[in-house]
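In what follows, a structure is listed as structure tokens, so that the remarks can point back to it.
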Amino acid sequence: MTVYDDNTTLIDNTWAAHGTLTEVSSNTPHSGNQHYEFSYGYTSFWSGVGLNMDNWGNGTGEDFSGFTHLRIAYRGMSGAQGLEISLNSPAGQGNTISGFGPTVNYTVMEIPLLSFQAGNSLDLTNVGDIYLSVTGGESGTGTLYFDQVELFNQNTGVTTSLTTWERANSMNRGINLSNWLDAYWLIPFNAYPDTDKYNEQTIIDFRNLGVDAFRLPVTFERIASTSPPYTLDMSHPAIGLVDDAVQWAANQNVKLIIDMHHGYELTDANFQTELPRLEAIWEQLINRY
């Protein structure tokens, strides 16, 4: 379903903050003869535009629920600036999806609609607005072009569940507990693991700074047998420290991501034969945690 593409549009109204939004035919549209041009200048970390589809709340929004993805083509911005996108309905606003950086040429983004919806009250059957924001640094100027806004269905054979999106969107600011249980280079010196590098006070200190998610890389493959069934040594001190980290995270109400990291080298030539080892170790980790 086309939301905006040249002469086809579902947009009733638009607004712009810290900039000017116009529909132009210059500067080479991505599709057709026209596209949107947002010329912005901000001094408070943010500028943005809104594409309204329910006549400022006086009508009915558009039903996005029959589709899996939103597609938008964009180009522009510079430096550390980035594009963020969100959907809004009368029932509530969706998650803000970010990570789209500056680009000289038109780039097409395809965003799963579930990522907007997870963990909030966004109603995909009645979407009133699409919000696009430019952020990055306290101040910034530039131009953002966007075109070919449309909904489509994509069947990849793999379905990311709403629960998974909710978990992902519950993590806001993260940090690595790195060079600790991933430090396989200490093994030959009988110095692995370092039992004093991190403790619960570390979690508390970072939580007080606003960190709510911790990624814990562990070289599990180096503490498992090298032949089937690739049994993890559950009595190894590193496993005890993983257990501690799990408890610290629970005590401080933060998220912990356990990452199998820095194992044996994976190459194009050996990855298929290494899969049984990876699967066996993950199965043991799933059963334990």
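The values are calculated or read from the model by the stated rules, or taken from the named source; none is laboratory data. What you are looking at is a predicted structure, and each value in this text was computed from that prediction instead of being measured. Glycine also receives a Cβ, built like all others from the backbone with ideal geometry; neighbour counts cover every protein chain displayed. Areas reflect the complete protein model, heavy atoms only, side chains present, ligands, DNA and RNA absent. Shrake-Rupley method; radii C 1.70, N 1.55, O 1.52, S 1.80 Å.
Reducing segment 238-286 and segment 61-99 to their Cα centroids gives an inter-centroid distance of 33 Å. Within segment 187-249, all pairs of alpha-carbon atoms sorted by distance into 10 Å bins from zero give the percentages 18, 46, 26, 10, 1. The modelled label-to-label distance between THR8 and GLU166, using points 7 Å beyond Cα along the C-beta direction, is 3.6 nm. Computed from these coordinates, which is volume of the Cα convex hull per residue in Å³: [x] 181; [y] 134; [z] 114? Step by step, volume of the Cα convex hull per residue in Å³ for this structure corresponds to label [x]. Taking the square roots of five times each eigenvalue of the Cα gyration tensor of segment 126-227, the equivalent ellipsoid has semi-axes of 40, 23, 15 Å, listed largest first. The 3J(HN,Hα) values that the Karplus relation (6.51, -1.76, 1.60; θ = phi - 60°) gives for segment 14-22 are, in residue order, 9, 9, 9, 10, 6, x, 10, 10, 9 Hz. Gly and Pro appear as x.
The candidates GLU110, GLU265, GLU150, arranged from most to least accessible area with a 1.4 Å probe in the full protein assembly, appear as GLU265, GLU110, GLU150. Take segment 143-289, drop everything but the C-alpha atoms, weight them equally and run the Debye formula without solvent; then report log10 I(q)/I(0) at 0.17 Å⁻¹ to two decimals. Listed by q, the Debye log ratios stand at -1.07. Per residue, the chain reaches -6000 deg cm²/dmol at 222 nm when only DSSP H runs of four or more residues are counted, each adding -39500 (n - 2.57).
With the convex hull drawn around the C-alpha atoms of segment 65-172, the volume per residue stands at 117 Å³. Annotation for PHE45 and THR22: the two label points, set 7 Å from Cα along the Cα-Cβ direction, are 3.1 nm apart. Label-to-label distance, SER78 versus GLU110, with points set 7 angstrom from Cα along the beta-carbon direction: 3.2 nm.
GLU138 exposes around 120 Å² of accessible area when a 1.4 Å probe is run over every protein chain in place. For MET171, which sequence-distant residues (separation of 5 or more, or a different chain) have an amide H within less than 5 Å of its own amide H, given hydrogens modelled in the peptide plane? Excluding prolines and chain starts, which carry no amide H, there are no hits.
The HN-Hα couplings worked out from phi for segment 74-82 by the Karplus form 6.51 cos²θ - 1.76 cosθ + 1.60 (θ = phi - 60°) are 8, 7, x, 6, 7, x, 8, 5, x Hz, whole numbers, x standing for Gly and Pro. In this structure the amide hydrogen of SER89, modeled in the peptide plane, comes within under 5 Å of the amide hydrogens of GLY94, ASP123, GLY128, none closer than 5 places in sequence on its chain.
Phi angles of segment 202-209 translate, via the Karplus equation with coefficients 6.51, -1.76, 1.60 and θ = phi - 60°, into HN-Hα couplings of 4, 4, 4, 4, 6, 4, 5, 8 Hz per residue; Gly and Pro are given as x.
For segment 235-289, the share of alpha carbon pairs falling in successive 10 Å distance bins from zero is 19, 44, 27, 10, 1 percent.
Stokes-Einstein diffusion for segment 1-153 at 4 °C, viscosity 1.567 mPa s, with a Kirkwood radius from C-alpha pairs, works out to 84 µm²/s.
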